[in-house]
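See structure below.
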Amino acid sequence: MKKKLLLLASCAGVLTALVPPSVVFGASQLSLRQSGTTQIAQGGTAVPVSEILPKLKGKTQVPIFIPSRIPVSQKMYYQTTAKANSYTISIDYKADCGGTTVCSFGSIQGQKGGEFTTKLEGVTKTLKNVKLAGGVKGVFHNGCGAYCTATIQWKTQGFMYTVAIKNGRESDLILIGNSAIQAGKR
C-alpha cells in the first residue's frame, strides 16, 4: 500500500513540476465571483479578432461570430480551421498545443445546421435552456468523461454556434456567448 501511495505522490509531483496545477485541473484563471454577488469580475483577455478573422473569411459560408473577450487573464493562443459548412477556433494555453487536453482552454465553432446537445446517459451532469443576449435561446450542457467539458449552444438563421470550455462554468460560457452575439456577424 505504501509503495502505491509513494508512486502516486511521485507522479503527481512530476506532473505538477511539468505543468501548472491550474492547467492540470482546468481551473486556470476563469472569471472570479465577488462575495455575495452574481456579477462576473470585469476584465479578461481581448480576443485578437483582427488576426483570426482573415483566417476564416472566404473559407467558410458560415456567418462568423467571435467574442470580443474571454474570461481569462493570461495570453491565449488561437488556431483556426475552416470548411465550407463549418469553422472552429481552438483556444489554447500554449502556442503548440494543437487542441490536446492538457493545454486546451476550449473552442468556438460555427456550422450549418445542427441540433442542440441532448442528455447523454452517464455523461451529462447539467443540461438546461438559458437566455442569451438579445433574447437568443441557448442550451447549456456540462458533461464529464475523461474530463469535464461545458458547452453553450445557440442557433441563428439555420446555423449552430457552440462555445466549449474544459471544466468551464455556466457563467463563463454565457459571458463568451453573449460577447459573440453582441459583437455580431463579423
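Restricting the range 156-174 to residues that are closer than 18 Å to residue 107 by Cβ and of a type outside the set (A, V, I, L, M, F, W, C), which is most open to solvent (accessible area, probe 1.4 Å)? Step by step, filter the range 156-174, then rank; the result is 169. Evaluated against (1) touching a Gly at 6+ places or on another chain (Cβ under 6 Å); (2) closer than 22 Å to residue 46 by Cα, residue 160 falls short on exactly one condition, (2). Here is the figure for the range 60-112: residues that are under 23 Å from residue 175 (Cβ atoms) and small (Gly, Ala, Ser) total 8. Would you check which residues across the range 59-100 are of a type in the set (Lys, Arg), touching a strand residue (DSSP E or B) at 6+ places or on another chain (Cβ under 8 Å) and outside any loop (DSSP other than H, G, I, E, B) and list them? If the condition is that a residue be of a type in the set (Lys, Arg), touching a strand residue (DSSP E or B) at 6+ places or on another chain (Cβ under 8 Å) and outside any loop (DSSP other than H, G, I, E, B), then 69 is the only one that fits. Residues in the range 73-113 that are more than 16 Å from the chain's Cα centre (by Cα) and closer than 19 Å to residue 54 by Cβ were compared, and the one that is most open to solvent (accessible area, probe 1.4 Å) is 83.
When each of 157, 109 is tested for being closer than 24 Å to residue 78 by Cβ and of a type outside the set (Val, Ile, Thr), the lone residue that passes is 109. Within the range 99-127, residues that are acidic (Asp, Glu) sit with their Cβ atoms under 8 Å from residues that are surrounded by 15 or more Cβ atoms within 10 Å (Cβ to Cβ), at 6+ positions apart or across chains, in these pairs: 115/160. Scanning the range 114-134 for residues that are among the small types (Gly, Ala, Ser), open to solvent by 70 Å² or more (accessible area, probe 1.4 Å) and assigned to a loop (DSSP other than H, G, I, E, B) gives a single hit, 122. Residue count for the range 135-155, restricted to those that are farther than 21 Å from residue 91 by Cα and open to solvent by 90 Å² or more (accessible area, probe 1.4 Å): 1. Is it the case that residue 162 is touching a strand residue (DSSP E or B) at 6+ places or on another chain (Cβ under 8 Å), of a type in the set (Ser, Thr, Tyr) and touching a residue at least 12 places away in the same chain (Cβ under 8 Å)? So residue 162 passes the test.
The values are calculated or read from the model by the stated rules, or taken from the named source; none is laboratory data. Remember, predicted model here, so these are calculated numbers, not experimental data. Counting neighbours? That spans all protein chains shown, and the Cβs are built from the backbone with ideal geometry, glycine included. Heads up: the accessible areas ignore ligands, DNA and RNA and are worked out on the full protein's heavy atoms, side chains in. Shrake-Rupley method; radii C 1.70, N 1.55, O 1.52, S 1.80 Å.
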